[in-house]
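As C-alpha cells, the structure follows; a few thoughts come after it.
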Amino acid sequence: MKLKDRVAIVTGAARGLGRAFSLALAKEGAKIMAVDIADFSDTIKEIESLGGTAKGLRVDVSSEKDTLKMAEETIGAFGRIDILVNNAAIIYNLVRKPFYEIDPDLWDKVMTVNVKGPWLCTKAVFPHMKAQKKGKIVNLSSETFFTGSNGFVHYVASKGGVVGLTRALAVELGPHNITINAIAPGFTDTEASRSIADVTKYDISRTPLNRLQQPKDLLGALIFLASDDSDFITGQVLLVDGGRVMH
Ligand code: NAI
C-alpha cells in the first residue's frame, strides 16, 4: 500500500472519475473525505465495503465558506490532510455551442467552478499541508486544452486555467514541500461524457492504444502523483489519453 494512513480529499467524488479516484486512493490505504454538491453516499458505501475509511461532506468548491469547512472537517475527522484531488468541474450536460452563442453567465459559472474551485480548495488545505511540511495536490485538466474542442470554448479555457494554476501554484507551494501537478485525461467513458456525446461514435482510430479510455486508465497516474514516488515532480501536466496527443 503506497498511501497507508494518508488523508485524501477528493472533490466531485459522487460519481465518475471522482468516485474512481476515491476508491483507488482508499485501496492504497488512504482515508477519504469525499466532497460534492451531489449525493456521495454510494462512494462512501463502496469504500467501506472494501474495508476502507471514508467520510463525506456537501461542499460547493466555488464557495470559500464551504472549502474552509471542508478543510476544518477533514482535520476534525482525520487529524491531517496529505492529498487534495481537485476533480470537481462542470462538464455534465454542458451543451456545445459556437463561442458567440455562449451565455456570459454560463461562462462565469464554468470558470468559477472549474478554475476558482481548485484555487479555493488549495487555499483551504494549504495551512495544514504547510504545517505538515508536505502535501500532494492533483488537478484535473483535459486533453482538450492541447487540441481545442468544437463548441466548448468555456470548458477548454477553464482547463487551460487549471494548467496555469498548476504552474503558478507549483512555484509558491514548492518551498513548503507541497507538489501540485495536473492530469489531462482524454475523452473518458463516464456519466458526464455520455451526457455530452455518443461514446460509441468516438473515433478511436486516432488513439494509438486503439480503444475508448476508461476511468481505470487514470488511476496509475493519480496514485503516482499522490504518492512519495513523485516527490520531486511539480508543476507538470501528465497527459493520459492513449497517446492521442504527444508533447
Ligand atoms: P462528472 O460530471 O461525472 O463529475 C464531476 C463531479 O463534480 C460530479 O459529481 C459533480 O456533482 C461535481 N461537482 C460539480 N460542480 C461542483 C461544485 N461546484 N462543487 C462540488 N462538486 C461539484 O465528470 P467526470 O467525467 O467524472 O470528470 C471529472 C473530472 O475530469 C472533471 O474535472 C473533468 O473536467 C475532467 N475530465 C473528464 C473527462 C471525461 O472525458 N470524462 C476528460 C478530461 C477531463
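The values are calculated or read from the model by the stated rules, or taken from the named source; none is laboratory data. Only a predicted model underlies this, so the values are computations on that prediction, with no experimental measurement involved. Don't worry about glycine lacking a Cβ; one is built from the backbone with ideal geometry, like all the others, and counts go over all protein chains shown. Side chains included, ligands, DNA and RNA excluded: accessible areas come from the protein's heavy atoms. Shrake-Rupley method; radii C 1.70, N 1.55, O 1.52, S 1.80 Å.
If Arg80 satisfies every condition in (1) part of a helix (DSSP H, G or I); (2) over 26 Å from Lys216 (Cβ atoms); (3) in contact with a Lys or Arg (Cβ under 9 Å, 6 or more places away or on another chain) but one, which is the exception?
For Arg80, the failing item is (1).
Quick check on this structure: which one of Ala131, Ala124 is under 16 Å from Ile178 (Cα atoms) and free of Cβ contacts under 8 Å to residues at least 12 places away in the same chain?
Answer to the check: Ala131.
Is one or more of the residues making up the range 237-247 in contact with a Phe, Trp or Tyr (Cβ under 9 Å, 6 or more places away or on another chain) and loosely packed, with under 14 Cβ neighbours inside 10 Å?
Yes, there is a match, as at least one residue in the range 237-247 is in contact with a Phe, Trp or Tyr (Cβ under 9 Å, 6 or more places away or on another chain) and loosely packed, with under 14 Cβ neighbours inside 10 Å.
Which of the residues that make up the range 4-21 are touching a strand residue (DSSP E or B) at 6+ places or on another chain (Cβ under 8 Å), within 20 Å of His128 (Cβ to Cβ) and without any contact (Cβ under 8 Å) to a residue 40 or more places away in the chain?
Matches in the range 4-21: Asp5 only.
Considering the range 91-113 alone, what residues qualify as being open to solvent by 60 Å² or more (accessible area, probe 1.4 Å), near the ligand (Cβ under 10 Å from one of its atoms) and in contact (Cβ under 8 Å) with a residue 40 or more places away in the chain?
Tyr92, Asn93
Please note which strands (runs of 3 or more DSSP E) are completely contained in the range 1-72 and include at least 3 residues that are open to solvent by less than 20 Å² (accessible area, probe 1.4 Å).
7-11, 31-36
Name the helices (runs of 4 or more DSSP H) wholly within the range 139-203 that hold at least 2 residues that are surrounded by fewer than 22 Cβ atoms within 10 Å (Cβ to Cβ), in contact (Cβ under 8 Å) with a residue 24 or more places away in the chain and more than 9 Å from the ligand (Cβ to nearest atom)?
Filter on the range 139-203 gives 144-147, 153-173.
Sort out which residues of the range 212-224 are away from the ligand (no atom under 14 Å from the Cβ) and either in contact (Cβ under 8 Å) with a residue 24 or more places away in the chain or open to solvent by less than 20 Å² (accessible area, probe 1.4 Å) (or both), and write them in order of number.
Within the range 212-224, Ile223 is the sole residue that qualifies.
Taking the criterion of being within 23 Å of Asp82 (Cβ to Cβ), among the acidic types (Asp, Glu) and within 20 Å of the chain's Cα centre (by Cα), would at least one residue in the range 213-221 satisfy it?
no
Just to be sure I understand the filter: pairs with C-beta atoms under 7 Å, separated by 6 or more residues or on different chains, first member in the range 48-67 and more than 12 Å from the ligand (Cβ to nearest atom), second member among the acidic types (Asp, Glu) and open to solvent by 60 Å² or more (accessible area, probe 1.4 Å). Which pairs pass?
Ala54/Glu48
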